[in-house]
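So the structure is just underneath, and the comments pick up after that.
The values are calculated or read from the model by the stated rules, or taken from the named source; none is laboratory data. For clarity, every value in this text was computed on a predicted model and none was experimentally measured. Every residue, glycine as well, gets a Cβ built from its backbone with ideal geometry; the counts of neighbours run over all protein chains shown. These area figures cover heavy atoms from the full protein model, side chains too; ligands, DNA and RNA do not enter into them. Shrake-Rupley method; radii C 1.70, N 1.55, O 1.52, S 1.80 Å.
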Amino acid sequence: MLLWSAVLLMTLLGSVASLMLKFASADLRPTSLLRDWHFYAGGFGYLLAALFNIWVLRHLDLSVVLPLTALTYVWTLGIARLVLGELLTWRKVLGVALILVGVVLISVA
């Protein structure tokens, strides 16, 4: 149970880190970027996700963990809709649903 919670947290951290970098990308001048807390939050989120990834890899096969990282797309779709107001098209939803089917098939095999 702890292992699967770590996988979920790892993928959620990756999505939130991407969101932070999206916010930081509003002004890409180096002086502005280095003063933007979103830039550091995104980097820290990716670092934490990588540490969780390393821990999970100690306990599961790479051929299982790597496909499970695709759960990041599920979180990203929801975050993009809720936080950024992006449109959810049927193609996006279908694509993520197919990714989930693949994740389930790989994780139970």
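Quick notes on this one:
- Under the combined filter of DSSP loop state and at most 12 neighbouring Cβ atoms within 10 Å, the stretch 1-47 retains none of its chymotrypsin sites (Phe, Trp or Tyr not before Pro).
- Whole-number percent relative contact order across the chain, with pairs defined as alpha carbons under 8 Å at least 6 apart: 32 percent
- Accessible-area order (highest first, 1.4 angstrom probe) of the listed residues Ser63, Ser32: Ser63, Ser32
- Share of carbon and sulfur in the accessible area of the stretch 1-108 stands at 74%, probe radius 1.4 Å.
- Separation between Cα centres of the stretch 75-109 and the stretch 18-58, rounded to whole Å: 22 Å
- Three-way shape call for the stretch 70-109 based on the alpha-carbon gyration tensor, with the a/c threshold at 1.5: oblate
- Over the residues of the chain, the helix contribution to mean residue ellipticity at 222 nm works out to -28000 deg cm²/dmol, using -39500 (n - 2.57) for each DSSP H run of at least 4.
- Helix axis angle, 37-59 relative to the chain longest principal axis, alpha carbon, degrees: 20 degrees
- Listed options for Rg/Rh (Cα atoms, Kirkwood Rh) are (i) 1.41; (ii) 1.03; (iii) 0.95. The value calculated from this structure is the one marked (ii).
- In the context of the full set of protein chains, residues of the chain present 67 Å² of accessible surface per residue (probe radius 1.4 Å, heavy atoms only).
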